[in-house]
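Below: one structure, written as structure tokens.
The values are calculated or read from the model by the stated rules, or taken from the named source; none is laboratory data. Keep in mind it's a predicted model, so treat the numbers as computed, not measured. Neighbour counts run over all protein chains shown; Cβ positions are idealised from the backbone, glycine included.
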Amino acid sequence: MEDTTLSDTKRWVKVSPPGNGNCSLLLGKAANDDQLSQVGNQTGGRVFLFLNTYEFWRDFNNYTSKGVQFVSEPVKKLYETVAVFKDLYGNLWDLIEPIHKISFD
């Protein structure tokens with residue numbers, strides 16, 4: 001959606017899944033060596049990003065076919081189907097399909 005260089009040390013990249021654009025994520029570039037050393041470990045190895053879907057298996061199979069690294073097998077729980085994957089920088093995400101359909105609007 002957007003890739004803006006604000007200065008030599010500040011860059012914003014805004015990404016969004018296909019659709020109506022109601023959901024987006026703004027990423028900021030690390031500005032120094034200390035920040036860069038933390039990329040992919042901002043939360044000490046815990047999941048902190050959550051991607052909800054209406055079609056878990058469709059998305060899981062699509063991501064897997066494109067080389068996305070899942071670090072846990074899909075699990076169907078009482079309230080959701082979920083699997084954890086890593087992004088290109090090591091951040092951990094949950095891919096989640098709630099059992100009870102919720103509105104993402």
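Within region 63-85, how many residues turn out to be of a type in the set (Phe, Trp, Tyr) and surrounded by fewer than 12 Cβ atoms within 10 Å (Cβ to Cβ)? Explain how you work it out, then say what you get.
Just the residues of region 63-85 that are of a type in the set (Phe, Trp, Tyr), to begin with: 63, 70, 79, 85.
Checking which are surrounded by fewer than 12 Cβ atoms within 10 Å (Cβ to Cβ) leaves us with 79.
Residues meeting the conditions: 1.
Is it true that residue 41 is in a loop (DSSP other than H, G, I, E, B) and more than 19 Å from residue 86 (Cα to Cα)? Explain how you work it out, then say what you get.
Values: in a loop (DSSP other than H, G, I, E, B): yes; more than 19 Å from residue 86 (Cα to Cα): no.
No; evaluated as a whole, the condition is false for this residue.
How do the pairs read when you match residues in region 11-34 that are loosely packed, with under 12 Cβ neighbours inside 10 Å with residues anywhere that are in a loop (DSSP other than H, G, I, E, B) and not hydrophobic (A, V, I, L, M, F, W, C), using Cβ under 8 Å and keeping only pairs 6 or more apart or on different chains?
Listed pairs, sorted by first residue: 22/105; 24/16; 28/10; 32/9.
Within region 46-57, track down each residue that is surrounded by 11 or more Cβ atoms within 10 Å (Cβ to Cβ), in a loop (DSSP other than H, G, I, E, B) and more than 14 Å from the chain's Cα centre (by Cα).
Here is the first cut: in region 46-57, the ones surrounded by 11 or more Cβ atoms within 10 Å (Cβ to Cβ) are 47-49, 51-54, 56-57.
This time we only want the ones that are in a loop (DSSP other than H, G, I, E, B), so: 47-48, 53-54.
If the condition is that a residue be surrounded by 11 or more Cβ atoms within 10 Å (Cβ to Cβ), in a loop (DSSP other than H, G, I, E, B) and more than 14 Å from the chain's Cα centre (by Cα), then 54 is the only one that fits.
If you check residue 60 against the conditions, is it surrounded by 12 or more Cβ atoms within 10 Å (Cβ to Cβ), within 19 Å of residue 18 (Cα to Cα), outside the structural domain of residue 23 (by TED's automatic domain parsing) and among the hydrophobic types (A, V, I, L, M, F, W, C)?
Values: surrounded by 12 or more Cβ atoms within 10 Å (Cβ to Cβ): yes; within 19 Å of residue 18 (Cα to Cα): yes; outside the structural domain of residue 23 (by TED's automatic domain parsing): yes; among the hydrophobic types (A, V, I, L, M, F, W, C): yes.
Yes: the conditions hold for residue 60.
Considering only region 78-99, how many residues are under 30 Å from residue 37 (Cα atoms) and assigned to a strand (DSSP E or B)?
Step one: list which residues in region 78-99 are under 30 Å from residue 37 (Cα atoms), which gives 82-96.
Then drop every residue that is not assigned to a strand (DSSP E or B), which leaves 82-86, 92-96.
Number of matching residues: 10.
Report yes if some residue within region 58-77 is in a loop (DSSP other than H, G, I, E, B) and in contact with a Pro (Cβ under 9 Å, 6 or more places away or on another chain); otherwise report no.
Residues of region 58-77 in a loop (DSSP other than H, G, I, E, B): 66-68, 71-74, 77.
Next cut, in contact with a Pro (Cβ under 9 Å, 6 or more places away or on another chain) only: none.
Scanning region 58-77, I find no residue that is in a loop (DSSP other than H, G, I, E, B) and in contact with a Pro (Cβ under 9 Å, 6 or more places away or on another chain), so the answer is no.
Specify which of the listed residues (81, 9, 53) is outside the structural domain of residue 100 (by TED's automatic domain parsing), at negative phi and among the β-branched types (Val, Ile, Thr).
9
From 47, 68, which residue is in contact with a helix residue (DSSP H, G or I) (Cβ under 9 Å, 6 or more places away or on another chain) and under 14 Å from residue 90 (Cβ atoms)? Step through it out loud before you land on a result.
Details: 47 fails: in contact with a helix residue (DSSP H, G or I) (Cβ under 9 Å, 6 or more places away or on another chain).
Being in contact with a helix residue (DSSP H, G or I) (Cβ under 9 Å, 6 or more places away or on another chain) and under 14 Å from residue 90 (Cβ atoms) holds for just one of 47, 68, which is 68.
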